[in-house]
Structures are given as C-alpha cells and as structure tokens.
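Below you'll find the structure, written out as structure tokens, and then a few comments.
Read the figures in this text as sums done on the coordinates, not as results from a lab. Note that the coordinates shown come from a computational prediction; the quantities given were computed from them, not determined experimentally. Every residue, glycine among them, receives a Cβ derived from its backbone with ideal geometry; neighbour counts consider all protein chains shown.
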C-alpha cells in the first residue's frame, strides 16, 4: 500500500523560531492534508492542499503541495508554546476515502 | 457545536475478553471512519460507513474485528477475543460529505490496553 515518510521524527526548537517539516511518498497523492494531534486528543486538520504547486497559509502555518505530487512540506513561523504536539501528513488512498497517515513529527517548543 | 465523541475513553481488558467501543459522530454527518493508532505511529484505516452501509472494511486486521452502524448514526467497533497486539488508540472520524473534498473530524479516541 501507499506509505508516507515524514521527517524529521522529532524537533526541539526555541520559542520564536521557524520550523519546517516534510512528507514524501513513492506514489502520487492528489490531496495532501496536514493534521496536528495533542496528547489525549484526536488529530485536527490544519491545512488541506488539492492542487500540485499549491501554497496555502493558515495563520502562522504555510503548506505546499509538491509539483511532482509526491511530497509536501509544512512551515510554522515564530513558534509558540501551544505549537507543541505531533504533526501528521496524510492523503486519501485506496478507495479515496480512507486516509493514509505518515508516522508524525513530534514538535517540542522550548521557552 | 458538539464534536465527535467516543466512549469509553479508556478500556482495560484481559486477553480473551470481548470489547465494544462506541462512536457518536457529528449530527448529520453521512460518513464515519474507524482508525487504529499504535503508540508512536500515525492512525491506520480500519473501515468506513456511508450512512448504514459499510463500504470498505479492508483495514480490519482480522475477523475478530467487527463494526456496525445500524441506523446510520452511532457506530460500534467490536473486538472479540482481544489479544495484546490489539492495544492501541481507536479513533473515530466523521464527515459531512460522501467523498470529494471532505474533511474528516476526529474524536478523542478510546485507549485500549489488553493485559
């Protein structure tokens, strides 16, 4: 089946710094989604990308859908403590209804 | 408004016991999905419903796993004769649409520990 590879696995950054994480796949995705999961909660959708080359922002978050449709990245600018959590990339596969998730990037923001 | 709710939030079962996990989707949402999330991993698809019809159950790991949504609203995921490898967080998600550019809204999950 399709697999998504996320990097880095974990990041430790200082408050105020910018963060970049990415996701790659060996096969094409027609939609890229970025979710955030807080401890004890389910994933929450941050940004959805539907078109190759698309660059979309949501506040301090910016994500891009790679031209090859096999990668995507997420940037967070001026990080704050509440950015702590696990960030997942995901995309529909198989029946196009089920989501395939990456293994996540654990973000820690140090004061 | 109310989001997706799941119960129980935590479940401890002895190996061999049957468990039932409940999902209450957002009111009016047509589609309902179940995912399994192992520790340190991303969620993995189990099955999904459109109204009461189970359209894809390709992700269910064995015939011990069974899901139903008899009235097209509340869904139950049942695991029979639980094994230690069933320990995971079970996430439910619902969406308003029946495909296309849908957003899946996730519940908080049920944390299952099989001893």
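Of note:
- Average beta-carbon neighbours from other chains, 10 Å sphere, peptide A:46-57: 0
- Residue exposure proxy: A:11, A:21, B:96, ordered by other Cβ atoms within 10 angstrom of their Cβ from fewest to most, comes out as B:96, A:11, A:21.
- Counting only other chain Cβ atoms within 10 Å of each residue's Cβ, the peptide B:39-46 averages 6.
- Between residue B:51 and residue B:101, the simple label model (points 7 Å from Cα in the Cβ direction) yields a spacing of 2.6 nm.
- Seen through its C-alpha gyration tensor, with square-root eigenvalues sorted a ≥ b ≥ c, the stretch A:57-101 comes out oblate because a/c lies at 1.5 or above while a/b is not bigger than b/c.
- For chain A, the C-alpha radius of gyration divided by 2.2 N^0.38 Å, with N the number of residues, is 1.01.
- 16 Å tail of the calculated P(r), chain B, as % of Cα pairs: 56
- Residue B:14-residue A:5 FRET efficiency (beta carbon distance; Förster radius 35 Å; 0.05 resolution): 0.40
- In this simple spin-label model, placing a label point 7 Å from the Cα along the Cα-to-Cβ direction at both residue B:83 and residue A:68 gives a separation of 3.7 nm.
- Label-to-label distance, nm, for residues given as residue A:26 and residue A:75 (7 Å Cα→Cβ offset): 3.1
- Size descriptor, Kirkwood hydrodynamic radius, that averages inverse alpha-carbon separations across the protein assembly as shown, Å: 18.0
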